[in-house]
Amino acid sequence: STAMADDDNNVFAKILRGEIPCDKVYEDDHVLAFRDINPQAPVHVLVIPKAAHVSAQDFGANASPEEAQALWAAIPKIAAQEGVAEGGYRLIANTGANGGQEVPHLHVHILGGRPLGRLVAKDG
Ligand code: AMP
């Protein structure tokens, strides 16, 4: 099956529990952000809720207003901290099978530091 379970053993759950390291760039009560281990641009940060939401679908349906506000407030702070607020950046939240989501814990990619080209690849 390609359906994603709310999996306590996914890599971001392990990072949140401190079981594996991350290169942290931001943290508050509801949000953690760290550098992607396989960066696709000069700035490539992953922003995740601390609560175990599988995807944007799950987060939108089940996150508290405080969690949702915290995620959207953190993103521009991190972009500014990383020096890409002025030059611009791209947010991506791959969701489910066609979205190419690999880790079943919501993560928003912040990509920047160079012109990022077309929005999506022509094929998978
Ligand atoms: P996605 O394809 O949107 O699910 O993105 C998953 C992202 O997680 C990929 O860009 C990976 O490079 C990244 N990733 C996987 N494991 C780690 C890790 N341990 N630390 C940081 N980033 C990771």
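No lab work stands behind these numbers, since they all come straight from the coordinates. Just so it is clear, the structure is predicted and the values come from calculations on it, not from any experiment. Cβ sites come from the backbone with ideal geometry, for glycine too, and all protein chains shown count toward neighbours.
Tabulated data
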{"item": "Some residue of the stretch 17-33 being away from the ligand (no atom under 15 Å from the Cβ) and either within 14 Å of the chain's Cα centre (by Cα) or not in a loop (DSSP other than H, G, I, E, B) (or both)", "result": "yes"}
{"item": "Total residues in the stretch 62-100, condition touching a residue at least 24 places away in the same chain (Cβ under 8 Å), within 19 Å of P42 (Cα to Cα) and part of a loop (DSSP other than H, G, I, E, B)", "result": "6"}
{"item": "Every residue from the stretch 68-121 that is within 16 Å of the ligand (Cβ to nearest atom), surrounded by 13 or more Cβ atoms within 10 Å (Cβ to Cβ) and small (G, A, S)", "result": "A93, G96, G112, G113"}
